[in-house]
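Have a look at the structure below before the remarks.
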Amino acid sequence: MTKTKTEQASTEKIDVDYYKLLDRLYMALPQKAKESVRFELPTAISIIQGKQTIWKNFVKCGKDLNRDQNLLYKFVMKEISTSSTVVNNQSLVLNGVFDNNKINLILTKFINAYVLCSACKKPDTNITTQNNIKVLKCSACGAVSALPKL
């Protein structure tokens, strides 16, 4: 079936209006939501010395993730359940033998829980407090989600 000229004109007008609205919506998005830069996970560098494991770039991992070192420390202690100390404000000495894969798995868990947005999976988040509850607020999409307690 062929369309009449009026039907074709109305269809073209709808298409043009749709694309104008789509452009308007895209322009209203925050700049961070438009970026397509990939987030690279920091990897833990650790060595085992006797009965201790030294996480050499512990503080650097916290800085790369834009998170407080104490928050990362508490999370690691909860996951590993051992005693440890931060040495020279750069490395973490864990009592016990933990391979690099185990430490990187814990770091990935931390990133999923305390860094990445639960809605858009972007790392552009900040930790804030709302009604005495710590929440993760995404600056890319605006989503807010409650953080698990440590």
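Values for this structure:
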item: Elements of type strands (runs of 3 or more DSSP E) in the stretch 40-150, at least 1 residues being hydroxyl-bearing (Ser, Thr, Tyr); result: 46-49, 52-55, 84-87, 91-95, 125-130, 144-146
item: Any hit, the stretch 104-115, residues being surrounded by 15 or more Cβ atoms within 10 Å (Cβ to Cβ), at pLDDT below 95, over 24 Å from Ile45 (Cα atoms) and within 13 Å of the chain's Cα centre (by Cα); result: no
item: Index of the failed condition, Leu92 passing every other in (1) more than 30 Å from Val144 (Cβ to Cβ); (2) in the same structural domain as Lys149 (by TED's automatic domain parsing); result: (2)
item: Every pair of residues 6+ apart whose Cβ atoms lie under 9 Å, when the first sits in the stretch 133-150 and is over 15 Å from Ala113 (Cβ atoms) while the second is charged (D, E, K, R) and in a loop (DSSP other than H, G, I, E, B); result: Ser139/Lys122; Ser139/Asp124; Ala140/Glu35; Ala140/Lys122; Ala140/Asp124; Cys141/Lys122; Cys141/Asp124
item: Residue match in the stretch 68-80 (condition: closer than 17 Å to Pro42 by Cβ and either of a type in the set (Val, Ile, Thr) or not assigned by TED's automatic domain parsing to the domain that holds Ile45 (or both)); result: yes
item: Given (1) touching a residue at least 40 places away in the same chain (Cβ under 8 Å); (2) out of contact with any Ser or Thr (no Cβ under 6 Å at 6 or more places or on another chain); (3) within 30 Å of Tyr26 (Cβ to Cβ), index of the condition Thr125 fails; result: (1)
item: Restricting the stretch 32-72 to residues that are under 27 Å from Ser139 (Cα atoms) and among the aromatic types (Phe, Trp, Tyr), the residue that is modelled with the highest pLDDT; result: Phe58
item: Sole exception among (1) under 23 Å from Glu40 (Cα atoms); (2) surrounded by fewer than 16 Cβ atoms within 10 Å (Cβ to Cβ) for Val97, by number; result: (1)
item: Top-ranked residue in the stretch 50-85 [being among the basic types (Lys, Arg) and free of Cβ contacts under 8 Å to residues at least 40 places away in the same chain; ranked as surrounded by the fewest Cβ atoms within 10 Å (Cβ to Cβ)]; result: Lys63
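The values are calculated or read from the model by the stated rules, or taken from the named source; none is laboratory data. Keep in mind the model is a prediction, meaning the values are calculated, not measured. Cβ: placed from backbone, ideal geometry, glycine included. Neighbour counts: every protein chain shown.
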